[in-house]
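Notes to accompany the following structure.
Every read-out reported here was derived from the displayed coordinates using simple, explicitly stated rules and does not represent laboratory data. Fair warning: this is a prediction, and the values are worked out from it, not measured in the lab. Reconstructed Cβ throughout: ideal geometry from the backbone, glycine too, with neighbour counts over all protein chains shown.
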Amino acid sequence: MACGQHRPGCPDCGYVAFTNPRVAAVVFLAEADRVLLVQRRVAPEAGRWALAAGFVDFGEPPEAAARREMKEETGLDIAIERLLEVGFNNTDKVITILYEGRLLGGTLAAADDVADARWFTREDLPELAFDTTRSSIRAWLEGRLGQSGADTASGSSRNTTSRDSSGKM
């Protein structure tokens, strides 16, 4: 028992093994009333569309991971404008850090672990993957993305264990 919880460790030397959650950086990029989504090529949620995202590498600042993932998946260069949300998915044990991005340049082209990358209007949204994408798109559609008190409020922490089986809004 360490820090009030049962954790694996060595009774001889006192070493305690902490199992830490993974951290994912996510980018919401909208321009001219369109949002950029990527179609997942791999599991989980292969074939569905999501915001550009990926895991933060050891020692990498989350903002740098967000820019790197956008470049790797879409070929686009972005600036991070602001933090929109910090969330926790208890099912997958993933901390998600959602940023709003601003397009700087590049040529849109799907790469890395995505099959396609496209801009979508509010009227032509595809089947969505992941709670962070669904809640962010919902907030954007309702005109409250990044507003205080919204699902995606800056600094909020929420448990995102529920899953919509259809992926639709």
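What to note about this one:
- Estimated distance in nm for a label pair at A109 and F18, the labels positioned 7 Å out from Cα along Cα-to-Cβ: 4.2
- Taken along the Cα-to-beta-carbon direction at a fixed 7 Å, the label points for R138 and E123 span 2.5 nm.
- Remark: C-alpha extents of the range 61-114 on the principal axes read 36, 25, 15 Å, sorted largest to smallest.
- The eigenvalues of the Cα gyration tensor, multiplied by 5 and square-rooted, give the range 45-87 an equivalent ellipsoid with semi-axes of 17, 13, 12 Å from largest to smallest.
- Taking every alpha-carbon pair under 8 Å whose residues sit at least 6 apart, the chain reaches a relative contact order of 24 percent.
- The range 72-149 - percent relative contact order, Cα under 8 Å, separation 6 or more: 30
- Taking each residue as 0.36 nm, the span from R7 to D92 lengthens on full extension beyond its C-alpha to C-alpha distance by 28.7 nm.
- The chain: angle of helix 131-141 to the longest principal axis, Cα-based, in degrees nearest 10: 40
- Label-point gap, in nm, between R41 and E63 - each point 7 angstrom along Cα→Cβ: 3.0
- C-alpha long axis of helix 62-74 to longest principal axis of the chain, angle in °: 50
- The chain: most fluctuating residue of E73, E127, E100 per GNM, C-alpha cutoff 10 Å: E127
- Dividing the Cα radius of gyration of the chain by its Kirkwood radius returns 1.03 for Rg/Rh.
- Mean residue ellipticity (222 nm) of the chain, computed from DSSP H runs ≥ 4 via -39,500 (n - 2.57), nearest 500: -4500 deg cm²/dmol
- Beta bridges by DSSP in the chain, antiparallel share as percent, to the nearest 5: 75
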